[in-house]
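Peer 1: Pasting a structure here, questions to come.
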Amino acid sequence: MLTGTVLAQAIPFLVAPVIARQYTVAEFAVFGSLMAVFNILNVVAAGRYEMAVMVPREDEEAAHLVRGARTISMMTGIVALAVLSVLGTSDRIRTALPGLSTVITYAAMLTLMAGVQVSTQQWLLRKGMFGAVARFKVLQALVITGATIVLGYYHVSFGLERGYLIGWSAFSFATAFWVLTRVPLPGGWSWEGMMGALSRFREWPLVNTWPALINAVASGMATFFVVAYFPLQVSGQHNFARQYLLVPISMVTVALSQVLFARSAGRIREGLPLLPELRSVLKVLVPLGLAGAILLTFLSVPLFSWVFGHQWSEAGAYARWLIWGYVAQLIASPFSVLLLAMRQVRATLVFPMLFMLLLLVVPLFQHLVPMRFMAVLSGVEIIAYGSQLALVFWFAARYDRSLTP
């Protein structure tokens, strides 16, 4: 999974210098804001039932959860389309980010596809088909990258957004086709069976949706703050740095969290301790993350200018500060799924609530110059993710102690 994810991220990075020279700062401002909206909707697309697919002992009940999550995704996509269509008419949005209102409905289409895809993908992970999931991630990266370059070459409007949509379509179709032909869901479609499974695992949407949603909103608030407080030039540069730093980091953390969740859920079912494996993962993530952060602190400006072009040197300057918060996310975020594996669903509320409270302080610093404002955003993330990591390890230690007779 990790190898496939790294390869999937290497593909767009190899052609990033081309894409950076095809699209403008204003286009990245719109694209980054659209992605912030989609990332929030993506959390609730399947009602968080996709995370429960790993839990049932019987495959048939897990299959009912997959079908239920798909149904919820379709309803979420329809509701999102209606709401975003109304929001897209806002004069404030049209003024702050010209063009966003034109493509904001893309987020609704992405939400529908992502919800269906992620629930189907969880079925593949349950069946141990990590290689297939990794290959699909590479396929998604190839299609997004290829479509974005072609659309940019022909100067097609909103090429970044359309390329992303095309890539997600390929990703979703490939995952669904693989399940249909290789590991089909057992049993048939049953309304009673589906509703029964959704009811038995109702704690997932009732409790887990809120921390996940608050976490997504908090993560997107950085983009929204920059759009609200600074000119289009600053938001475009910020979104560019975020695109080529946080997005690949997030992909790696998602892959790690999926593997850690599957392995930890298995260890819990077998009555094995969690801390030894968690510590071994942490010993790898910390030095890698710190090495990357130190490197970018000193070299980000010349690197961004040389690799992406001189128009993105400002993004490189912002990256010197932003990278520290992103590295904190890389180190801590993969472990958050352990709370779900240990059935500590309510404990997942602690991190997003703390994160949101910290973000409420950020508007007090809106008078700062952009560079210092980025440092404030990074500091908030370091405190929040550091607290999250400590919380997870505290619960893991408590669980391991409970195994001792």
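The values are calculated or read from the model by the stated rules, or taken from the named source; none is laboratory data. The model shown is predicted, which means the values in this text are computed figures rather than measured ones. Cβ coordinates were reconstructed from backbone atoms using ideal geometry, including for glycine residues, and neighbour counts include every protein chain displayed.
Peer 1: Listed residues Thr24, Thr76; which is of a type in the set (S, T, N, Q) and either more than 30 Å from Arg263 (Cβ to Cβ) or assigned by TED's automatic domain parsing to the domain that holds Phe240 (or both)?
Peer 2: Unique residue meeting the criteria: Thr24.
Peer 1: Considering every residue within the stretch 211-218, establish whether at least one is at pLDDT 85 or above and touching a Phe, Trp or Tyr at 6+ places or on another chain (Cβ under 9 Å).
Peer 2: Scanning the stretch 211-218, I find no residue that is at pLDDT 85 or above and touching a Phe, Trp or Tyr at 6+ places or on another chain (Cβ under 9 Å), so the answer is no.
Peer 1: With respect to Gly271, determine if the residue is more than 26 Å from Val133 (Cβ to Cβ) and out of contact with any helix residue (DSSP H, G or I) (no Cβ under 9 Å at 6 or more places or on another chain).
Peer 2: yes
Peer 1: Could you please give the count of residues in the stretch 175-211 that are closer than 28 Å to Asn239 by Cβ, out of contact with any Lys or Arg (no Cβ under 6 Å at 6 or more places or on another chain) and surrounded by fewer than 20 Cβ atoms within 10 Å (Cβ to Cβ)?
Peer 2: Result for the stretch 175-211: 1.
Peer 1: Let me ask you something else. Name every residue in the stretch 101-113 that is small (Gly, Ala, Ser) and closer than 19 Å to Leu185 by Cβ, in order of residue number.
Peer 2: Taking the stretch 101-113 first, the residues small (Gly, Ala, Ser) are 101, 107-108.
Hits for the stretch 101-113: nothing passes.
Peer 1: Same structure again: Would you check if there is a residue in the stretch 272-279 being in contact (Cβ under 8 Å) with a residue 12 or more places away in the chain, part of a helix (DSSP H, G or I) and of a type in the set (Lys, Arg)?
Peer 2: Taking every residue of the stretch 272-279 in turn, none turns out to be in contact (Cβ under 8 Å) with a residue 12 or more places away in the chain, part of a helix (DSSP H, G or I) and of a type in the set (Lys, Arg).
Peer 1: On the given criteria, is Pro363 modelled with pLDDT of 90 or more, within 23 Å of Ala216 (Cα to Cα) and surrounded by fewer than 15 Cβ atoms within 10 Å (Cβ to Cβ)?
Peer 2: yes
Peer 1: Still on this structure, I have one more. Can you confirm whether Ile323 is buried (at least 19 other Cβ atoms within 10 Å of the Cβ), at negative phi and either of a type outside the set (Ser, Thr, Tyr) or touching a Leu at 6+ places or on another chain (Cβ under 8 Å) (or both)?
Peer 2: Yes: the conditions hold for Ile323.
Peer 1: Can you pull out every residue in the stretch 41-51 that is surrounded by fewer than 24 Cβ atoms within 10 Å (Cβ to Cβ) and either in contact with a Gly (Cβ under 8 Å, 6 or more places away or on another chain) or farther than 30 Å from Ala62 by Cβ (or both)?
Peer 2: Asn42
Peer 1: Report, by residue number, each residue of the stretch 10-58 that is more than 25 Å from Ser85 (Cα to Cα) and part of a loop (DSSP other than H, G, I, E, B).
Peer 2: Scanning the stretch 10-58 gives Tyr23, Thr24, Val53, Met54, Val55, Pro56, Arg57, Glu58.
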